[in-house]
Structure formats: C-alpha cells, structure tokens
1. Can you report the number of residues in the range 100-134 which are under 29 Å from Ser181 (Cβ atoms), among the small types (Gly, Ala, Ser) and not in a strand (DSSP E or B)?
2. Answer yes or no: is there a residue in the range 109-132 that is touching a Gly at 6+ places or on another chain (Cβ under 7 Å) and hydrophobic (A, V, I, L, M, F, W, C).
3. Scan the range 181-195 and tell me whether some residue there is under 19 Å from Pro15 (Cβ atoms), in contact (Cβ under 8 Å) with a residue 40 or more places away in the chain and assigned to a strand (DSSP E or B).
4. With respect to Ser154, determine if the residue is assigned to a helix (DSSP H, G or I), under 20 Å from the mean Cα position of the chain (by Cα) and of a type in the set (S, T, N, Q).
5. Would it be correct to say that Val87 is in a helix (DSSP H, G or I), touching a helix residue (DSSP H, G or I) at 6+ places or on another chain (Cβ under 6 Å), over 23 Å from Leu171 (Cβ atoms) and not assigned by TED's automatic domain parsing to the domain that holds Glu188?
6. Residues to consider are Ala83, Ala148, Ala116; find the one that is in contact (Cβ under 8 Å) with a residue 24 or more places away in the chain and touching a Pro at 6+ places or on another chain (Cβ under 7 Å).
7. Quick check on the range 170-187: of everything there that is small (Gly, Ala, Ser) and in contact with a helix residue (DSSP H, G or I) (Cβ under 9 Å, 6 or more places away or on another chain), which residue is farthest from Pro231 (Cα to Cα)?
Amino acid sequence: MPRVFKSELRIVLAPSGIALLRTHGWLRPHTELLAECELGTAESAAARLDELLNTEACKAQPARIVLADHWARHWMVTPPANAARLVDCEVAAQARFQALYGEPLGEWQMSADWQARAPFLASALPRALLAALIEVCDKHELLLLEIAPQFVASWNRWRSGLRSGHWFGVLQDQWLTLGLSTGRRLAELRSLQVPAEALADPHWLRLTVEREAMRLMQAAPRGVQLCGGVPAAWLRGASEDWTCSQIEAPGEPDEPGEPSPSSGSGPLRLAAAVGWQ
C-alpha cells in the first residue's frame, strides 16, 4: 500500500501541460485543482513546475508525480531460466531495452516489478527530466513520495478490478499502451500511436486488438478496459461479444471558474486515469 498523508500534492505532467492538485483526507479523499499551465517542451517542465509551486506556496509538503507515457518507455522482460539474483534480472532488462530501442540504458532511469520466475514489466524515464524535477522538489522542500509513469500508476490503481478475459489499456494524447494480463499480473505489453482518423472509427480498437492478439498467438479478448480520454466512437463500438469501457471514476477535480480546455486529453484527464480525483 502506498503511504498516504492527510494532505498531499499531486503533480501531473502531460505533453500539453502541468496540473498541480491537492488531495485531502484518508478514507474518502477529496481533490482540488490548485493550478495548471501549458507545457511547450520537456526541457521547460521543471521551470514551469517551479513557477506553479512558487505561486501556490507549496513548500515542505508531501508530493507525488505522474508523467505521461509520452516520456516513458515500457517493456516486458523474461528472466533467464537460471536467474538467481536481482542482478540477473537487471542484466536481462538492460539487454531487452537495447534490443527494442537500439540504445543502451545509460540516459534512462529504470525500475521494474522484479521477478525471477515470471515475465515482468520494466519502465524507464529520462534521467535528465527526473533530475530536473527532483531538483525543483528539493528547492521547495517537498517530501517526494513517488515519481511514476502513467501506465504504471494506472495499472497499480485499477488492476484489482479488471474483468477476466479483458485487456487493460491507457490512452493519452493519441498514445495507446495495451496490457494483456493473467490474473493480476501483466503477461504482454504493446504501445501504439493512434492515427487521428481512428479516434472516430468505432471498429479500429477491436481490429487493432485482434491483430495484436494474433501476433502474440493469444485468443482475442472479449474487450478492453481503458483509462484516459477514450473516444466516444470506441465506446459505441460495443457488441454482444466485444466491449470497450472506460474504467476511471467519472468526474474531475474541483476547480474554480470555467472548465479547463486541457481537461479532455491533458493533465486533468491523466489525473483521472490514475484515480487522482
């Protein structure tokens, strides 16, 4: 169980912007939006976050950060048959990363659900981005509890409620990450760029999932449970043997004034996908 304080800052970074939220309470947490801003490039993320923290006087508070999968890399690792130590799994994960992405892991910070007897998920975030964000948090004396990519945060939040025979997916800014699970463990992973025209096609998701299942030599699932800004056309594409459902709780964090233009696919949608509401 993650450590929970009576009040925490929740920082969400999406390619389109940053949202700064505060969550109150333990049993029935209540989340409010403190501030948000647009984000031009990853290089400007730390500076923009510094501005938001200064404006809201957020010094010396516990905080969690979630980053859109736009900046992350995820991959499944099959441990060696003779794996006996953590270092054996680390070497396998590094080798798999280089095989998939054509570069060494040096500029990336890796974390994983280390397993010696079953395939496991590994994820990596850019070291430079992490270092810049940690420096800003240190400047404001924040107690940094967690930095996680969106898929990992969403999977940890929702996996206990996933339906048998369904895949899990996260969609953010036309980037779709699909996970095939067995029980409550991930077995395979696929990341896909979604064409703009596919967002209005009620059949695109099913055809894509069926194609990916064939590549994995797996039976096609009965449907997909999705987090993120799920297109209405995909939700309308349900049939007797196929469903697409949006699994995050409805609603968004309380905020003053008019709804944010970024709430459909930006940081507030990402916050909803990981249950920060």
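The values are calculated or read from the model by the stated rules, or taken from the named source; none is laboratory data. Quantities reported herein were computed from a predicted structural model and do not represent experimental measurements. So basically every Cβ, Gly included, is an ideal-geometry build from the backbone, and we count neighbours across all protein chains shown.
1. Within the range 100-134, the first condition is being under 29 Å from Ser181 (Cβ atoms), and the residues that meet it are 100-103, 105, 108-126, 129-130.
So of that shortlist, the ones also among the small types (Gly, Ala, Ser) come out as 102, 111-112, 116, 118, 122-124.
From the residues that got through so far, the ones that are not in a strand (DSSP E or B) too are 102, 116, 118.
Final tally of qualifying residues: 3.
2. The answer is no; no qualifying residue exists.
3. The answer is yes; a qualifying residue exists.
4. yes
5. no
6. Details: Ala83 fails: touching a Pro at 6+ places or on another chain (Cβ under 7 Å); Ala148 fails: touching a Pro at 6+ places or on another chain (Cβ under 7 Å).
Within the list Ala83, Ala148, Ala116, the selection yields Ala116.
7. Ser181
To keep it simple, each residue is scored yes or no on (1) closer than 30 Å to Ala57 by Cα; (2) among the small types (Gly, Ala, Ser); (3) not in a strand (DSSP E or B).
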site: Val91; (1), (2), (3): no, no, yes
site: Gln98; (1), (2), (3): no, no, yes
site: Val136; (1), (2), (3): yes, no, yes
site: Ala148; (1), (2), (3): yes, yes, no
site: Gly169; (1), (2), (3): no, yes, no
